[in-house]
Amino acid sequence: MSGLLVAGYGFGASSAPVPSPLAPSLLTRLSALLPQTAQPVTLLTRRSSISTVQLELRVASVGGDPAVLRQIAVSAARGVPPVYDERLNITREEFKKYVVFQETLASTGKTFRLSVTRDAGRVTFGDGPSMNGVLRGVSVDLKTGEMRSPEGFSARPVSVPPNDDPSRGLEVRTGFQWRIFGNGSAGRAVNGTLSLLQLNSGRIVLAYTRNSMLDYKLNVGELIVEYTRP
């Protein structure tokens, strides 16, 4: 799943080289972002949007029909894909280039407490209403940053670079991402991405997307929540 971009990182699952261990300062930051026991969260969902900002600038610069441009902007705001019109004074290829389809995160309005236990050395996720088993059995070692999955595989985190350009995805202040991949015996496999991001607003987004197999049972899941930490 390609998914929402985070300053060059995606929420989609993929394999990746094993990253280097985190520095102590980054481990401290990681611990501060991970949820507390019974953390109150809000469930998020993906929503598609259409950006026509660059198209509007380009059409205005070449004297395209403003009425046609206004209609395109209205359609995009309603989520309707714009249709090329030669009165824009640009080519069909330029039109496709300047109409950008983006994914955003939106609140569902549903709140609940995340099933998670935390001690001095580890954060471990359980399951509960609205979690749909997606995070069940996933844990993060607070001393190394290593993530372990119930399928029996592990991954180290990488630091997500800051991003203050909304056209490049979420506006992120700091964060971490784990890309986990494994294919073993006894019907166990996983291909997933765990993202932990603090946005410029101060909110924290936790997202896990994975395709997995446990005891030969295939499962596809995604959970995206947001919360705040003191």
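The values are calculated or read from the model by the stated rules, or taken from the named source; none is laboratory data. This structure is a prediction, so every number in the text was calculated from the model and none was measured. Please note: Cβ atoms are built from the backbone with ideal geometry, for glycine as well, and neighbour counts cover all protein chains shown. In case anyone asks, the SASA skips ligands and DNA or RNA and just uses the protein heavy atoms, side chains included. Shrake-Rupley method; radii C 1.70, N 1.55, O 1.52, S 1.80 Å.
What nm distance separates the two modelled labels at LYS110 and TYR84, each placed 7 Å from Cα along Cα→Cβ?
Calculated label separation equals 4.1 nm.
Can you give me the solvent accessible area of ILE90 with a 1.4 Å probe, rounded to the nearest 10 Å²?
Its accessible surface works out to 10 Å², give or take rounding.
I'd like to check one number: the per residue accessible area of the chain, probe 1.4 Å, reported in Å² as a whole number.
Averaged over the residues of the chain, the accessible area is 52 Å².
Suppose each label sits 7 Å from its Cα in the direction of the beta carbon; what would the ARG70-ARG168 distance come out to in nanometres?
The answer from the label model is 3.6 nm.
For the chain, with all protein chains present and a 1.4 Å probe, just round the carbon and sulfur fraction of the accessible area to a whole percent.
The value for the chain is 52 percent carbon and sulfur by accessible area.
Take GLN54 and PHE181, extend 7 Å from each Cα along the Cα→Cβ direction, and tell me the distance between the two endpoints in nm.
With each label point 7 Å from Cα toward Cβ, the separation is 2.8 nm.
Given a Förster radius of 45 Å and the C-beta distance between THR144 and GLU93 as r, what FRET efficiency does 1/(1 + (r/R0)^6) yield to the nearest 0.05?
Efficiency for this residue pair is about 0.35.
Match the structure shown to one of the listed values (1) 18.7; (2) 19.4; (3) 17.9 of Kirkwood radius over Cα pairs in Å, computed from it, and give that label.
Among (1) 18.7; (2) 19.4; (3) 17.9, the one derived from this structure is (2).
What ratio of Cα Rg to 2.2 N^0.38 Å holds for the stretch 48-102?
In units of the globular-protein estimate, the stretch 48-102 measures up at 0.98.
May I ask you to order 212-220, 190-198 by the average number of other C-beta atoms within 10 Å around their residues, highest value first?
Result, highest mean first: 190-198, 212-220.
Over the chain, calculate the relative contact order: mean separation of alpha carbon pairs under 8 Å at least 6 apart, over the residue count, as a percent.
RCO, the chain: 24 percent.
Among 143-150, 170-177, how do they line up from the highest to the lowest mean number of other beta-carbon atoms within 10 Å?
The densest-packed peptide leads the list: 170-177, 143-150.
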